[in-house]
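Okay, structure first, notes after.
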Amino acid sequence: MKIGLLGVLKLIGFICLLPVVIAVTGAFSGEIAKLGSLADLFWYGVIAYVLFHLFVFTPQGLYHFFQGIIAEIFGFSTILNAILPDVIPFLTTVLLLVVYVAVNLMNLKGWEAALMFFTGFSLSMHVVLTAQDEYEEDETHLKGHYLFHAGLMYITVLALVMALMHLCFESSTFIDFWNKAYETSGAIYRFVLHKLRVI
């Protein structure tokens, strides 16, 4: 009974969270678009993983291995150990940090195209497989737990990746991403509340 009620509450929570999901998606896409032709390579990476996942192979073993690494790193805290493997895309994080260090220490050139493709590929892998795990763990019919947790994970992951991309690309800034997401989500909330005659 408690699980069912909690699932309903989380479903309501997801509906309330939906404007933020929409706003973060739009802000993230807008910042990626600032990279010009490199933006296409990012989306090619996203599409490549989705096709790979659907028609070739689902790398769940590799995904769980990387999740295990993050869980071990934060094993000193039960809360962090449970949360961070879902919200830190290990491959994407390592890739962006390595490129950032290599560019600043070794003046690496010509890395942008490969970085964008594999960032899209690895980010898509993390989001899809985390959502799949969340879905399979939620045994309720309404899938309220899955929707709410997947929504929070999606928002956090995109914010983290945008912060890391801010380190690698001057034209893509986390502040612009944050401001756009904040303004858009606020506008959606105000629109909905106005339609409901709350304000």
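The values are calculated or read from the model by the stated rules, or taken from the named source; none is laboratory data. Here the structure is a predicted model, which is why all the values come from computation and not from measurement. Quick reminder, even Gly has a Cβ in these numbers, built from the backbone with ideal geometry, and neighbours come from all protein chains shown. What goes into the accessible areas is simple: the full protein's heavy atoms, side chains included, and nothing from ligands, DNA or RNA. Shrake-Rupley method; radii C 1.70, N 1.55, O 1.52, S 1.80 Å.
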(Q) Would you confirm whether or not segment 135-149 contains a residue that is in a helix (DSSP H, G or I), open to solvent by 60 Å² or more (accessible area, probe 1.4 Å) and of a type in the set (A, V, I, L, M, F, W, C)? (A) no
Q. Which residues, counting only those in segment 89-119, are more than 22 Å from residue 157 (Cα to Cα), open to solvent by 50 Å² or more (accessible area, probe 1.4 Å) and of a type outside the set (Gly, Ala, Ser)?
A. 104, 105, 106, 107, 108, 109
Q. Just one of the numbered conditions (1) outside any helix (DSSP H, G or I); (2) more than 30 Å from residue 36 (Cα to Cα); (3) open to solvent by 50 Å² or more (accessible area, probe 1.4 Å) is not true of residue 79; which one?
A. (1)
Q) Among the listed residues 192, 198, 161, 157, which satisfies the condition of being of a type in the set (Val, Ile, Thr), within 20 Å of residue 12 (Cα to Cα) and either open to solvent by less than 30 Å² (accessible area, probe 1.4 Å) or not in a helix (DSSP H, G or I) (or both)? A) 198
Q | Among residues of segment 34-43, those that are assigned to a helix (DSSP H, G or I) and loosely packed, with under 14 Cβ neighbours inside 10 Å, counted | A | 1
